[in-house]
């Protein structure tokens, strides 16, 4: 074999090794970059629904917190609209707003809250509230609007 052929083979081998090295380095950088991206965009948390056993009992612990008071339900789900009277909602603490409604009775108030009325969607913003929870929140608003 001639010296020229050997030199070309060594040169070709060197180029292949260099190319392989660059490819491997790029692959390592890509993997590192992918890991960094995945770390940056991973969710901050997760939602665990009641009855979902894959959450490790977190939902059961959260759900087992006991009954909420009317004040707690009002603060969490009703105050956003009723504190300032959004879209005609009767204002918390206003006898003028609640008096005529209270005159119709709790059954009427409860039916309106459960089914929705005017701009208020069914169950307001508390889709997880039971009928008793909603009644408790209504009673809290009535008690504080006399």
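The values are calculated or read from the model by the stated rules, or taken from the named source; none is laboratory data. What you are looking at is a predicted structure, and each value in this text was computed from that prediction instead of being measured. Cβ: placed from backbone, ideal geometry, glycine included. Neighbour counts: every protein chain shown.
Side notes on the structure shown:
- Within the range 77-104, tally of residues that are closer than 17 Å to residue 132 by Cβ and assigned to a loop (DSSP other than H, G, I, E, B): 0
- Flag for residue 5 being modelled with pLDDT under 55, assigned to a helix (DSSP H, G or I) and exposed (fewer than 10 other Cβ atoms within 10 Å of the Cβ): yes
- Count of the range 105-135 residues which are in a helix (DSSP H, G or I) and under 25 Å from the mean Cα position of the chain (by Cα): 7
- Criterion (at pLDDT 85 or above and surrounded by 19 or more Cβ atoms within 10 Å (Cβ to Cβ)) met by exactly one of 89, 95: 89
- Of the residues in the range 65-76, at least one is surrounded by 12 or more Cβ atoms within 10 Å (Cβ to Cβ) and either more than 25 Å from the chain's Cα centre (by Cα) or not in a helix (DSSP H, G or I) (or both).
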